[in-house]
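Student: Input: one structure, supplied below.
The values are calculated or read from the model by the stated rules, or taken from the named source; none is laboratory data. Being a predicted model, the structure only gives us computed values, none of them experimental. In this analysis, Cβ positions are derived from the backbone assuming ideal geometry, glycine residues included, and neighbour counts consider all displayed protein chains. Areas reflect the complete protein model, heavy atoms only, side chains present, ligands, DNA and RNA absent. Shrake-Rupley method; radii C 1.70, N 1.55, O 1.52, S 1.80 Å.
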Amino acid sequence: MPYDFKGSSGLEVSIGLEIQLLDSETLEPSHLGKELISSVQDNKYIKNDLFGSVIVLTFEDYQCLEKLSDKLAQQLDMLQDKARQYDILLLASGTHPTFPYMGRRLTQEEKYTEAIDRLQWVGKRIATFGQRIQVAVPDGEKAVAVMNSLVTFLPLLLGLSASSPYWQDFDTGLASARVRVVETVPNAGIPPKLVNWSEFLRFVKTLHI
C-alpha cells in the first residue's frame, strides 16, 4: 500500500475549533447544531462534528497568521449572534463539566457512523473538545523531524490547553481530564520516536499486518 506525502512548498496553517452548544437555560448540550449551521448564510467555515451539540469552525491553508486570527474572531462574533436566536450559548472547553457522554446524540453522517462502528464504546466516550492546529511541511522527512522536536514541548502545550478539570459531574483533580479520555483512541497519545520517513513507513506496515 503506497503512502505518498503531499507536502507544501510554503508555510500553510489550518485550524479547527470545536465548540460545544449549550441550552441557555439548562446549560446542557443543545442538539441544534445542524439548524444553527443552516441558518448561517456563508457557512463554509462551519461543519458538523461527531455530536449534534458540537460544531467545528475550520480555516484551511492560511499563509498569514494575522489574517487567520482576524477571520476566526469575525466568525466567532457572527456565530455568537446567530446562537442567541436559538437560545444557545457557545462553550470552548475540553469537556462539559456535568453532562454524561452517553446522553449526547450522535450526528447521523456516514463518516461518523463508520467511526463509531469501528471504535464502539471508545468512540461514544469521546465527548471531548479542543482546537486542532495543522502546519504544512514540505515532505515526510521534515514531518518526522518536526514531530520529534514538538514532543519535547508537550508539557508546555498541555499546560496551555488545559481546560477540562471536570468529567461527568466529577472533579477529577486533573487540569486536563480530556487527555485521559482521548488517549484510549488507538491513534491518539504521544507518537513513538522515529528516525526518519522510511522508519515511519515500516512502522505503519507493521501495524497493518
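Student: Among the strands (runs of 3 or more DSSP E) contained in the stretch 42-120, which hold 3 or more residues that are of a type in the set (A, V, I, L, M) and under 20 Å from Gly130 (Cβ atoms)?
Tutor: The qualifying strands (runs of 3 or more DSSP E) are 54-62, 88-91.
Student: If you don't mind, there's one more thing I want to ask. What is the number of the single condition among (1) surrounded by 15 or more Cβ atoms within 10 Å (Cβ to Cβ); (2) farther than 26 Å from Glu60 by Cα that Gly130 does not meet?
Tutor: Condition (2) is where Gly130 drops out.
Student: Same structure again: Can you tell me which residue is nearest to Ile116 (Cα to Cα) among those in the stretch 163-209 that are of a type in the set (Gly, Ala, Ser) and assigned to a loop (DSSP other than H, G, I, E, B)?
Tutor: Only one residue fits best here, namely Ala188.
Student: Kindly provide the set of residues from the stretch 171-198 that are open to solvent by 70 Å² or more (accessible area, probe 1.4 Å), within 21 Å of Thr98 (Cα to Cα) and within 17 Å of the chain's Cα centre (by Cα), ordered by number.
Tutor: Matches in the stretch 171-198: Arg178, Arg180, Glu183.
Student: Which of the residues belonging to the stretch 38-49 are open to solvent by 80 Å² or more (accessible area, probe 1.4 Å) and touching a strand residue (DSSP E or B) at 6+ places or on another chain (Cβ under 7 Å)?
Tutor: Correct list: Lys47 only.
Student: Go through Thr128, Thr98, Thr206 for me and flag whichever is over 30 Å from Glu35 (Cβ atoms) and among the polar types (S, T, N, Q).
Tutor: That would be Thr206, the only listed residue that is over 30 Å from Glu35 (Cβ atoms) and among the polar types (S, T, N, Q).
Student: In the stretch 64-97, which residues are of a type in the set (Ser, Thr, Tyr) and farther than 22 Å from Leu11 by Cβ?
Tutor: Tyr86, Ser93, Thr95
Student: Also, quick follow-up: Among Leu156, Leu91, which is closer than 26 Å to Ala175 by Cα, free of Cβ contacts under 8 Å to residues at least 60 places away in the same chain and open to solvent by 40 Å² or more (accessible area, probe 1.4 Å)?
Tutor: Leu156
Student: Next question, about the same structure. Pull out all pairs, ordered by first then second residue, where Cβ-Cβ is under 6 Å, the residues are six or more apart or on different chains, the first lies in the stretch 178-197 and is closer than 19 Å to Ala145 by Cα, and the second is in a helix (DSSP H, G or I) and small (Gly, Ala, Ser).
Tutor: Here the result reads Trp197/Gly140, each pair linking the stretch 178-197 to a residue that is in a helix (DSSP H, G or I) and small (Gly, Ala, Ser).
Student: Determine which single condition Ala143 fails, assuming it passes every other condition in (1) surrounded by 15 or more Cβ atoms within 10 Å (Cβ to Cβ); (2) over 23 Å from Val13 (Cα atoms).
Tutor: (2)
Student: Further question: Which residue out of Glu35, Glu25, Glu60, Glu18 is more than 26 Å from Ala162 (Cβ to Cβ) and either of a type in the set (S, T, N, Q) or touching a strand residue (DSSP E or B) at 6+ places or on another chain (Cβ under 7 Å) (or both)?
Tutor: So the residue among Glu35, Glu25, Glu60, Glu18 that is more than 26 Å from Ala162 (Cβ to Cβ) and either of a type in the set (S, T, N, Q) or touching a strand residue (DSSP E or B) at 6+ places or on another chain (Cβ under 7 Å) (or both) is Glu60.
Student: Do you know which residues across the stretch 121-147 are part of a helix (DSSP H, G or I) and aliphatic (A, V, I, L, M)?
Tutor: Result: Val122, Ala143, Val144, Ala145, Val146, Met147.
Student: For Leu150, are the conditions met, namely being over 16 Å from the mean Cα position of the chain (by Cα) and in a loop (DSSP other than H, G, I, E, B)?
Tutor: It is false that Leu150 is over 16 Å from the mean Cα position of the chain (by Cα) and in a loop (DSSP other than H, G, I, E, B).
Student: Quick check: is even one residue across the stretch 72-79 under 28 Å from Ala143 (Cα atoms) and modelled with pLDDT of 90 or more?
Tutor: yes
Student: Going through Glu18, Glu12, Glu35, Glu66 one at a time, which residue ends up being charged (D, E, K, R) and surrounded by 19 or more Cβ atoms within 10 Å (Cβ to Cβ)?
Tutor: After ruling out the rest, the residue left standing is Glu18.
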